[in-house]
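Encoded as structure tokens, the structure appears first; notes follow it.
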Amino acid sequence: MSEPENAKVKRRDLIRKGALATGLLGVGGTAALLATRAGKDRYVWQLDPEKCIQCGNCATKCVLRPSAVKVVHAFALCGYCDLCFGYFPPHFEPDSAIEEPAAESQLCPTQAINRKWVEGPHFEYTIDEDLCIGCGKCVKGCGNFGNGSLFLQTRHNRCVNCNECAIAIACPAQAWRRVPAGHPYLLKGEDRQT
Amino acid sequence: MPVLAAMLIAASVLAIRVRSRRWLWSVMAASLAYFGLWRGGCVCAVGSIQNVAMALADPGYAVPLSVAAFFLLPLVFALFVGRTFCAGVCPLGALQDIVVVRPLKVPAWLEHTLGLLAYVYLGAGVLFAATGAAFIICEYDPFVSIFRLLPLARPGAAVDAFGGSTAMLILGGCFLVAGMFIGRPYCRWLCPYGAILKLLARAAMWRTTITPDECIRCRLCEDACPFGAIRQPTVEPPHGSLPIDRRRLAILLSLAPVVLLAGGALGWQLGRPFARMHVTVRLADRVRLEEAGKVEGTVDMTDAFYASGASRETLDADAGAIERKLVRGGALFGLWVGLVILVKLVHLSIRRRRDNYEADPAACVSCGRCFAYCPVERERLKKRGGAPPQP
């Protein structure tokens, strides 16, 4: 190495400045590119009830236990049936008009659906979200024989909004997607927003 | 976002101007409590790489401003002050830093080899996020499930603790146990964000230094770094050894196209298996098998597909497009891996002279542990009137 010492120092300095400039350019470029692709709105995860097939993954794949997915009831769609297949197991035949049957004759494994007599053969069904585990059994029953007024939604007061939703990965129907945080629910019936 | 900026500034000032391990530790603990346990570790800078990749590749997704800030701010800081983000702001780093008890030295060859993993992981993370297949960095984040254990923001939901991620919890526990004896294993060898920071930190304008003044080569700091970031002064090579290095470099550079091509070809081959990561491709495959009668019965996935009434042609077209994207992306990924290996080999065969004990700007996470080992630093603190801290 015949170069004088200061030439070497200068060269090292130059390399360093060049690297810094390249780095600044790179980060700046990415920032500029991102500025064109950035949106103010945050995203949250939600499942589309129209695509949902009630496979049961929502209850088991969520990182929370119980799952952040709960059943939601669209009262406007509900038939207020006496023999509700979201409430009773299929082929259930009640002996008489009973307001609250025993646990074994309820479809919900955690008895999260409450039933209240309204008038005539009509009953109102409400969900106890603290008990609901999001298994979707009632959703399946209501969809098969009823109006489909029960459906699953992730409840954002519980959902921790993972960057990658564990249920979305496991969903066989590809029903999960990121939705703008301003419209965090994909509701059924009259409340439907796209 | 203001919290992120404030913490970055605090960590940078503490690492470079104040030089206080104790204060840095406090910032780190605060970040662990806030970004980790309070916010549940999501979204973090490490995961934001994927949101950025997806935003750049998919016109239907706009990256939220907060996520963009998480991605960009630490990078800007790294350009000026090195990896202070890792020292005081990253909750993943903080969690690993806190459990270090008896760090063992990792041999150089292993350190160099494992160090490549982070770049490979970065490439894979970007590839799968950009093609919409998966966010693997989040899926296999070993620490986020630990952060979720203590959801401080949701005190009523303490029962949520053990979620559907028991396997990841066990993995996280393993990382922490390993981290007691190997300093920050995830940060050093896996973190894809750390890989970007390493590149940028090499150009950093101001750096965290072991000594506040001139190094006196007392060797006291030699074993101070639990993360193997302190480089010793080089020994003058014996005369006549230089040409060998030159020859090695020449061989490497002439082999460069071969390595890159091999990487690209391998990646091209991997494109097809990679595509199976995407749910649409998996679905199309399964539907094809079912219709050909090669498998018995249906699964949830195909039931949902038949029920939706979508046509097979569109599904096959979609799957084909995704597959082509992943084959192209796979080739790029292979090129990237080839490039990483090549740059590493070239880097290893260039000999640089070092007169003092220095912190390698790429490996140093600015934790400040080495400060107290330096007698010059102790002298400085004594002059200031404070008692020097024990190393």
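The values are calculated or read from the model by the stated rules, or taken from the named source; none is laboratory data. In this text, all values refer to a predicted model and were calculated from it rather than measured experimentally. Here the Cβ positions follow ideal geometry from the backbone for every residue, glycine too, while neighbour counts run over all protein chains shown. Calculation scope for accessible area: heavy atoms of the full protein, side chains included, ligands and nucleic acids excluded. Shrake-Rupley method; radii C 1.70, N 1.55, O 1.52, S 1.80 Å.
Rundown of residues vs (1) open to solvent by less than 30 Å² (accessible area, probe 1.4 Å); (2) in a loop (DSSP other than H, G, I, E, B); (3) within 14 Å of chain B (Cβ to nearest Cβ); (4) of a type in the set (Gly, Ala, Ser), yes/no style:
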{"site": "A:Thr60", "(1), (2), (3), (4)": "no, no, yes, no"}
{"site": "A:Leu77", "(1), (2), (3), (4)": "no, yes, no, no"}
{"site": "A:Asp82", "(1), (2), (3), (4)": "no, yes, no, no"}
{"site": "A:Asn114", "(1), (2), (3), (4)": "no, no, no, no"}
{"site": "A:Glu129", "(1), (2), (3), (4)": "no, yes, yes, no"}
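With respect to the numbered conditions (1) assigned to a helix (DSSP H, G or I); (2) surrounded by fewer than 16 Cβ atoms within 10 Å (Cβ to Cβ), which one is the sole condition not fulfilled by B:Gly263?
(2)
Among the residues of the stretch A:146-166, write down those that are under 30 Å from B:Ala130 (Cβ atoms) and free of Cβ contacts under 8 Å to residues at least 40 places away in the same chain.
Answer for the stretch A:146-166, where residues must be under 30 Å from B:Ala130 (Cβ atoms) and free of Cβ contacts under 8 Å to residues at least 40 places away in the same chain: A:Asn163, A:Glu164.
Yes/no matrix, rows are residues, columns are (1) among the hydroxyl-bearing types (Ser, Thr, Tyr); (2) in a helix (DSSP H, G or I); (3) open to solvent by 50 Å² or more (accessible area, probe 1.4 Å); (4) outside the structural domain of B:Ala11 (by TED's automatic domain parsing):
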residue: B:Arg286; (1), (2), (3), (4): no, yes, yes, yes
residue: B:Glu296; (1), (2), (3), (4): no, no, yes, yes
residue: B:Thr302; (1), (2), (3), (4): yes, yes, no, yes
residue: B:Val340; (1), (2), (3), (4): no, yes, no, yes
residue: B:Val343; (1), (2), (3), (4): no, yes, yes, yes
residue: B:Arg378; (1), (2), (3), (4): no, yes, yes, no
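Would you check if there is a residue in the stretch B:322-335 being out of contact with any Gly (no Cβ under 8 Å at 6 or more places or on another chain), open to solvent by 20 Å² or more (accessible area, probe 1.4 Å) and either in a helix (DSSP H, G or I) or modelled with pLDDT of 90 or more (or both)?
yes
With respect to B:Leu266, is the statement that it is modelled with pLDDT of 90 or more and within 14 Å of another protein chain (Cβ to nearest Cβ) true?
Numbers: modelled with pLDDT of 90 or more: yes; within 14 Å of another protein chain (Cβ to nearest Cβ): no.
No, not satisfied.
Given the conditions (1) within 19 Å of the chain's Cα centre (by Cα); (2) at pLDDT below 90; (3) closer than 30 Å to B:Ile322 by Cα, report the number of the one that B:Gly36 does not fulfil.
If we test B:Gly36 against (1) within 19 Å of the chain's Cα centre (by Cα); (2) at pLDDT below 90; (3) closer than 30 Å to B:Ile322 by Cα, just (3) comes out false.
Filter the stretch A:142-194 down to residues that are more than 10 Å from chain B (Cβ to nearest Cβ), more than 9 Å from the chain's Cα centre (by Cα) and over 26 Å from B:Ala55 (Cα atoms), then give me how many there are.
Summing the residues that are more than 10 Å from chain B (Cβ to nearest Cβ), more than 9 Å from the chain's Cα centre (by Cα) and over 26 Å from B:Ala55 (Cα atoms) in the stretch A:142-194 gives 16.
Given (1) more than 13 Å from chain B (Cβ to nearest Cβ); (2) in a loop (DSSP other than H, G, I, E, B); (3) open to solvent by less than 30 Å² (accessible area, probe 1.4 Å), where does A:Gly134 come up short, assuming only one miss?
Of everything listed in (1) more than 13 Å from chain B (Cβ to nearest Cβ); (2) in a loop (DSSP other than H, G, I, E, B); (3) open to solvent by less than 30 Å² (accessible area, probe 1.4 Å), A:Gly134 misses just condition (1).
I'm trying to understand the selection: among the residues of the stretch B:1-39, which are free of Cβ contacts under 8 Å to residues at least 40 places away in the same chain and touching a Phe, Trp or Tyr at 6+ places or on another chain (Cβ under 8 Å)?
The one that is free of Cβ contacts under 8 Å to residues at least 40 places away in the same chain and touching a Phe, Trp or Tyr at 6+ places or on another chain (Cβ under 8 Å): B:Val3.
Just to be sure I understand the filter: pairs with C-beta atoms under 8 Å, separated by 6 or more residues or on different chains, first member in the stretch B:368-380 and at positive phi, second member crowded, with 17+ Cβ neighbours inside 10 Å and among the polar types (S, T, N, Q). Which pairs pass?
These pairs meet every condition: B:Gly368/B:Ser20; B:Gly368/B:Thr208.
Across the stretch B:77-113, what is the total count of residues that are within 14 Å of chain A (Cβ to nearest Cβ), under 28 Å from B:Val343 (Cα atoms) and either in a loop (DSSP other than H, G, I, E, B) or in contact with a helix residue (DSSP H, G or I) (Cβ under 6 Å, 6 or more places away or on another chain) (or both)?
The number of residues fulfilling the criteria is 7.
Restricting to the stretch B:18-47, give me the number of residues that are assigned to a helix (DSSP H, G or I) and facing another protein chain (nearest Cβ under 8 Å). Working first, answer last.
Quick first cut of the stretch B:18-47, residues assigned to a helix (DSSP H, G or I) only: B:18, B:21-38, B:45-47.
Imposing the further condition that a residue be facing another protein chain (nearest Cβ under 8 Å) reduces the set to B:47.
Selection size over the stretch B:18-47: 1.
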